[in-house]
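The values are calculated or read from the model by the stated rules, or taken from the named source; none is laboratory data. Here the structure is a predicted model, which means the values were calculated and not measured. Positions of Cβ are generated from backbone atoms using ideal geometry, with glycine treated the same way; all protein chains shown enter the neighbour counts.
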Amino acid sequence: MNIHHLELFYHVARHGGISAAVRRMPYGIQQPAVSSKVLKLEEDLGVKLFQRQPFRLTEAGQELLAFIRPFFDNLDAVGIRLRKGAAPQLRIGAAELVLREHLPAVVQRVKREHPGVRLALRSGFQTEIELWLEEGVIDLAVMPRREKLPAHTRARSLLTLPLVLLVNRKSRVKAAADFWKRGAPAEPLIGLPATETISVLFQRGLQRLGVDWSVVIEASSMESVTHYVAGGHGVGVGVAVPGATMHPEVRMLPLENVERLELMAMWRGKPTALMQAVLDGMQSYAEEVRPDKGAGAAH
């Protein structure tokens, strides 16, 4: 017997019907899916487990429910007992720069309340992080704001950061506008994939200026963008990140009339005590390193 089919039958029997079970399931599942899987269970067993209208368990259904109910009834209690013996854990997804340069300071604060905290960290592109959050692979995401939040997602704004151009220190260019004031820029552009918010905001700003400047070197991280600029391969699109170390061969040029990037923490459902402590730590850390307080560097 398929264990998932047994779980669905348990909920149907417990709540007195398929539609009632779907409304009370601990996770999202559509009614047709429940119906088809319970029907498959009945086909595998060769018996009817319940009458549909009005709902009533058959003799075989009562026997099966009596067998599986102790297991499913006690799942939550067992989980609670097991978690009491383990340190709190939180899975966080963010860009590598955030995890490496900034999260350690937040973790240090959280440890005052949760000294035994265990964290699982995953770095990736924004589209990956969003998918991990949606699929439950991570509990908390730190990433730029999208135009519209995914369904059932809650968010807290942390800080906004200005976009910048990164140029090699030997470059004679003094202002970002110098690259396009005589037409389309000739220098190769280095940036993140087009789906990343930094790239979206930058290209949107160029469109308002009537400038066409496409990425020639697509990098996997802001650190890679910086290193390619330092090597003389072109001009990079970056963000002024507070506290990040400036590469000795790279200069930062402010970008005028380009939207600022808003960094947010995102999660689904009610935050645990540990998650709330991390969120509060992120908020207080962000307040301390806000660019308008004088801290800032490009990376």
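Filter the range 17-67 down to the residues that are of a type in the set (S, T, N, Q) and under 42 Å from the mean Cα position of the chain (by Cα) and list them by number.
We begin by selecting, within the range 17-67, every residue of a type in the set (S, T, N, Q); these are 19, 30-31, 35-36, 51, 53, 58, 62.
Across the range 17-67, the qualifying residues are Ser19, Gln30, Gln31, Ser35, Ser36.
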* Could you say whether any residue in the range 90-109 is more than 22 Å from the chain's Cα centre (by Cα) and assigned to a loop (DSSP other than H, G, I, E, B)? -> no
* Asked: Ile138 is checked against (1) without any contact (Cβ under 8 Å) to a residue 60 or more places away in the chain; (2) loosely packed, with under 15 Cβ neighbours inside 10 Å; (3) not hydroxyl-bearing (Ser, Thr, Tyr) and fails just one. What number does that condition carry?
  -> (2)
* Which one is modelled with the highest pLDDT among residues in the range 1-56 that are in a loop (DSSP other than H, G, I, E, B) and among the charged types (D, E, K, R)? -> Lys48
* **Candidate set: the range 141-164, residues that are touching a residue at least 12 places away in the same chain (Cβ under 8 Å) and not in a strand (DSSP E or B); chosen: the one surrounded by the fewest Cβ atoms within 10 Å (Cβ to Cβ)** => His152
* Asked: Given the structure, is Ala177 at pLDDT 90 or above, in a helix (DSSP H, G or I) and of a type outside the set (Val, Ile, Thr)?
  -> yes
* If Gln62 satisfies every condition in (1) more than 30 Å from Ala176 (Cβ to Cβ); (2) assigned by TED's automatic domain parsing to the domain that holds Val278; (3) of a type in the set (S, T, N, Q) but one, which is the exception? -> (2)
* What pairs come up if the first residue lies in the range 21-46 and is over 10 Å from Leu8 (Cα atoms), the second is modelled with pLDDT of 90 or more and not in a helix (DSSP H, G or I), and their beta carbons are under 7 Å apart, counting only those six or more places apart or on different chains? -> Glu42/Lys48; Glu42/Leu49
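From the list Arg169, Arg182, which residue is surrounded by fewer than 16 Cβ atoms within 10 Å (Cβ to Cβ), at pLDDT 90 or above and charged (D, E, K, R)? Walk me through how you get there before you give the answer.
Details: Arg182 fails: at pLDDT 90 or above.
After applying the criteria, what remains is Arg169.
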